[in-house]
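One structure below.
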Amino acid sequence: VQLQASGGGLVQPGGSLSLSCAASGSISSINGMGWYRQAPGKQRELVASISRGGTTNYADSVKGRFTISRDNAKNTVSLQMNSLKPEDTAVYYCYAFELGVRYWGQGTLVTVSS
């Protein structure tokens, strides 16, 4: 299973960005999907997750600003990020669980700066 993330970039504080991640390869049934992020000098942290049935979970720091969604037919997961703050600057990694194994995307850089 390969994951391809896209959508990162530079945005001003208060702006919005949308990240997407598509899974491909030998896929049987992808279960949980989501996004982690890692800021410089910090540990990787969970941003948001979504189950196959659509149950979502968010880090407290992004609740009310980020929205995760998925398309099971297309094996994609997206992250809509609004009201971005400088502290959201990080490399964002998507992941997906397939038959109990977690696969990672390559990471996409999000920079929030004026």
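The values are calculated or read from the model by the stated rules, or taken from the named source; none is laboratory data. Since we're looking at a predicted model, the values are computed, not measured. Don't worry about glycine lacking a Cβ; one is built from the backbone with ideal geometry, like all the others, and counts go over all protein chains shown. Side chains are part of the model used for accessible areas, which takes the heavy atoms of the whole protein and leaves out ligands, DNA and RNA. Shrake-Rupley method; radii C 1.70, N 1.55, O 1.52, S 1.80 Å.
Close Cβ contacts (under 7 Å, 6 or more residues apart or on different chains) running from residues in the range 11-27 that are part of a loop (DSSP other than H, G, I, E, B) to residues that are open to solvent by less than 30 Å² (accessible area, probe 1.4 Å) comprise P13/L84; P13/V112; G14/L84; G15/L84; S16/M81; S16/L84; I27/E98. Can we say R65 is open to solvent by less than 40 Å² (accessible area, probe 1.4 Å), charged (D, E, K, R) and in contact (Cβ under 8 Å) with a residue 12 or more places away in the chain? In short, yes.
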